[in-house]
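Visitor: Before we start, here is the structure in question, set down as C-alpha cells.
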Ligand SMILES: Nc1nc2c(ncn2[C@@H]2O[C@H](COP(=O)(O)OP(=O)(O)OP(=O)(O)O)[C@@H](O)[C@H]2O)c(=O)[nH]1
Ligand SMILES: [Mg+2]
C-alpha cells in the first residue's frame, strides 16, 4: 500500500464565550494548554496547541470568545479571534448545542461572510442534548453559512472528536512537521503558569472579579536544591477586589496557591515554591499602556 503523504496546517477554533473551545483543544492535545472555566471570556489570547499523529500535525489556535465588548481588553480579544481566521487552513466554528442558536452565533456567522477559509461547524456539548433535538438544530445552523462540514461532538467526554480530526485532515495540505512530536505548545512556560494561577482565581471568584484579574510572573528560577522558585503578581482593578482575592486571613490566596502549585508541578515536572502578590492597577482593562505591558498588544 502506498504511504500517504504527511499533512500539516493551522486550524482556528472560534465561537461565543463558554462554548467549550479551550476544552476541545485540550481534549485533542491530551494536556491542559488552555485554561478552562464556567465563566465566559476565560481565554484572552490566541493559544497554540499542537496535535501530532503519524499522518498529520495540526496546530490549533484557540481564541477568545467573540462577545459584545465592555473594555479595550474586550476589543483586543475580539480582534485576536477574528484576525486568526485569515491565518489558517480551516476554522472550527464551535457552538453550544445545549443552548441553541443565539444572537452571538448570528453575529459570528456574519463575520464569516468575509472569510474564504473553509469553516467546519462543530456542535459541542452533545452529552447535554437529546439526540432527536440535533437534526432540527443542524438545519437551523445550515442557513447561517455554507459550512464545509458539520460535526457534533462532546469536547468534555471526547465523543466524536476522532471523526472531527479526520474531517479536518481533508482540508490540510501536504506539509512538514513544524514541531517535534512531543511539543504540545509554543507558549513559554511562564505564560502557562500565569494562566494556571488565573484559572484557579476564576474557579473561586464571581461576578466582575474574574474579569478584573491579570497575572504576571515576575521571577522564575531553579534553585540549587532543584526546586523552581516562582514569584507571581495578581493584578486587580480596585482595592475592594484586592481584599476579595486575599480572603479572610489570606485564606483565598492560600487556596489559589495550593491549587495552582499542583498544576504547575505537573507542567514542569519538578517541585515548586511560589510567592503570590496582589496589586491594584486602577481600571487596567481600559489603559492602552498597561494592556501592552501585560502582553495584550495590537493584533
Ligand atoms: N457538558 C459539557 N460541558 C462542556 C463541554 N465542553 C466544555 N464544557 C464546559 O463549558 C465551560 C466552558 O468551557 P471552556 O472550554 O472554558 O469554553 P471556551 O469556549 O474556551 O470559553 P472562553 O475562553 O470564555 O471563550 C466549562 O465549564 C466546560 O467544562 C462538553 O462537551 N459538555
Ligand atoms: Mg477558552
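The values are calculated or read from the model by the stated rules, or taken from the named source; none is laboratory data. Fair warning: this is a prediction, and the values are worked out from it, not measured in the lab. Counting neighbours? That spans all protein chains shown, and the Cβs are built from the backbone with ideal geometry, glycine included.
Visitor: Can you list the helices (runs of 4 or more DSSP H) found entirely within region 207-299 that contain at least 3 residues being surrounded by 12 or more Cβ atoms within 10 Å (Cβ to Cβ) and under 23 Å from the mean Cα position of the chain (by Cα)? If you could, list the steps in order and put the result at the bottom.
Guide: Working: elements: 239-246, 251-268, 288-293.
Per the criteria, 251-268, 288-293.
Visitor: Identify all residues within region 130-162 that are within 21 Å of the chain's Cα centre (by Cα), over 19 Å from residue 16 (Cβ atoms) and surrounded by 12 or more Cβ atoms within 10 Å (Cβ to Cβ); write none if there are none.
Guide: Listed by number, the residues that qualify are 157, 158, 159, 160, 161.
Visitor: Would you call residue 3 more than 12 Å from ligand 1 (Cβ to nearest atom), over 25 Å from residue 128 (Cβ atoms), free of Cβ contacts under 8 Å to residues at least 60 places away in the same chain and out of contact with any helix residue (DSSP H, G or I) (no Cβ under 7 Å at 6 or more places or on another chain)? Reasoning before the result, please.
Guide: On the way: more than 12 Å from ligand 1 (Cβ to nearest atom): yes; over 25 Å from residue 128 (Cβ atoms): yes; free of Cβ contacts under 8 Å to residues at least 60 places away in the same chain: yes; out of contact with any helix residue (DSSP H, G or I) (no Cβ under 7 Å at 6 or more places or on another chain): yes.
So residue 3 fits the description; yes.
Visitor: What are the pairs with Cβ atoms under 9 angstrom where one residue, in region 244-266, is at positive phi and the other, located anywhere, is part of a helix (DSSP H, G or I)? Sequence gap at least six, or different chains.
Guide: Listed pairs, sorted by first residue: 247/204; 247/253; 247/254; 247/255; 247/256.
Visitor: Something else about it: Across region 1-52, what is the number of residues that are over 24 Å from residue 297 (Cβ atoms), touching a strand residue (DSSP E or B) at 6+ places or on another chain (Cβ under 6 Å) and either modelled with pLDDT of 95 or more or near ligand 2 (Cβ under 8 Å from one of its atoms) (or both)?
Guide: Of the residues in that region, 7 qualify.
Here's the yes/no breakdown for (1) over 16 Å from residue 18 (Cβ atoms); (2) in contact with a helix residue (DSSP H, G or I) (Cβ under 8 Å, 6 or more places away or on another chain); (3) free of Cβ contacts under 8 Å to residues at least 40 places away in the same chain:
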{"site": "80", "(1), (2), (3)": "yes, no, no"}
{"site": "93", "(1), (2), (3)": "no, yes, no"}
{"site": "104", "(1), (2), (3)": "no, no, no"}
{"site": "128", "(1), (2), (3)": "no, no, yes"}
